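Read the structure below first, then the notes.
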Amino acid sequence: MRRFCFMLLGVSILLALCGATWAASEPAMKLRGKSGLSAYTPPETFLSGNFVADEVEPGFIFGKVKDFVKSRSCPTTWLIEEGERKRIAAREHQSSPVEYTLYLEEDCPGKVAYYVFVDRSQANAAQWMEWRRQFHKSKAEPQYGAVKAALEQAAQNGFPVDGELRFIVIEGDLLVQKPEDILTGELKFQPIYDLKQGKPLAR
């Protein structure tokens with residue numbers, strides 16, 4: 001019995017230590033509070049899906065969202081705005097697709113980064129275009145038509161897209177570089193499919 005109690009104590013200490021290790025830093029918690037963000041578990045369809053990193057004119061499809069998460073060197077947490085959480089809950093029983101924004105927080109010492117994704121796992125390319133029309137009206141087709149065609153071709157080739165990395169924010173400041181350029185450059189996260197060439201890339 002005594003041995004069992006010591007074992008339980010050891011597990012409790014280990015869990016406490018792990019909890020301390022996984023706890024968000026003070027700067028991260030301040031940013032969450034300022035931005036109205038809280039922890040969220042994205043659907044597996046989004047996490048297991050490929051993503052692009054440019055809304056208007058993506059050149060590439062990158063691998064799975066969860067592979068990008070694994071590539072980060074510091075602790076990460078998925079976050080969502082409260083308004084988006086309520087919007088998702090309100091549309092749970094509706095059949096029409098919905099896009100919503102998710103924040104991947106990377107909590108490094110001295111630097112907190114947000115990778116701002118859009119989950120579009122509920123929409124195929126045609127539904128994605130319909131969502132664009134809600135906001136861009138008659139400009140949607142000329143602005144996004146070529147992208148829609150390229151995405152449809154990619155899906156036929158076995159590379160469907162379920163997510164989009166739209167912005168990268170460092171310490172509260174939005175980076176002006178395209179996320180696509182940052183991924184292929186500084187972050188060295190290489191794409192798997194060339195949308196302009198319409199073919200997979202050797203890895």
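The values are calculated or read from the model by the stated rules, or taken from the named source; none is laboratory data. Since the model is a prediction, treat every value here as computed from it, not as a measurement. Neighbour counts run over all protein chains shown; Cβ positions are idealised from the backbone, glycine included.
Brief remarks follow.
- The residues in the stretch 47-67 that are modelled with pLDDT under 95 and assigned to a helix (DSSP H, G or I) can be counted, and the count is 0.
- Filtered residues of the stretch 39-80 (kept if farther than 18 Å from Tyr114 by Cβ and of a type in the set (Asp, Glu)): Glu44, Glu57, Asp67
- Scanning the stretch 149-166 for residues that are within 10 Å of the chain's Cα centre (by Cα) and surrounded by fewer than 17 Cβ atoms within 10 Å (Cβ to Cβ) yields one hit, Arg166.
- Counted residues, the stretch 101-123 - those being over 21 Å from Ala23 (Cα atoms) and among the basic types (Lys, Arg): 1
- Within the stretch 108-122, the set of residues being among the basic types (Lys, Arg) and crowded, with 23+ Cβ neighbours inside 10 Å comprises Arg120 only.
- Looking only at the stretch 68-82, and only at residues there that are free of Cβ contacts under 8 Å to residues at least 40 places away in the same chain and assigned to a helix (DSSP H, G or I), the one that is farthest from Gly163 (Cα to Cα): Lys70
Residues are listed down the side, and each one gets a yes or a no for (1) in contact with a His (Cβ under 9 Å, 6 or more places away or on another chain); (2) within 30 Å of Gly158 (Cα to Cα); (3) at pLDDT below 95; (4) not small (Gly, Ala, Ser):
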site: Glu84; (1), (2), (3), (4): no, no, yes, yes
site: Ala89; (1), (2), (3), (4): no, no, yes, no
site: Pro97; (1), (2), (3), (4): no, yes, yes, yes
site: Val116; (1), (2), (3), (4): no, yes, no, yes
site: Gln122; (1), (2), (3), (4): no, yes, yes, yes
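- Count of the stretch 29-42 residues which are buried (at least 17 other Cβ atoms within 10 Å of the Cβ) and assigned to a strand (DSSP E or B): 1
- Matching residues in the stretch 156-203 - criterion: being under 23 Å from Glu105 (Cβ atoms) and assigned to a helix (DSSP H, G or I): Pro179, Glu180, Asp181, Ile182, Leu183, Thr184
- Restricting the stretch 61-85 to residues that are β-branched (Val, Ile, Thr) and under 12 Å from the mean Cα position of the chain (by Cα), the residue that is surrounded by the most Cβ atoms within 10 Å (Cβ to Cβ): Val65
- Qualifying residue in the stretch 168-189 (condition: at positive phi and touching a residue at least 60 places away in the same chain (Cβ under 8 Å)): yes
- Residues of the stretch 43-60 that turn out to be of a type outside the set (A, V, I, L, M) and surrounded by fewer than 19 Cβ atoms within 10 Å (Cβ to Cβ), as a count: 8
- Test result for Ala150, assigned to a loop (DSSP other than H, G, I, E, B) and either hydrophobic (A, V, I, L, M, F, W, C) or at pLDDT below 90 (or both): no
- Residue check, Leu183 within 24 Å of Gly63 (Cβ to Cβ) and either β-branched (Val, Ile, Thr) or modelled with pLDDT of 95 or more (or both): yes
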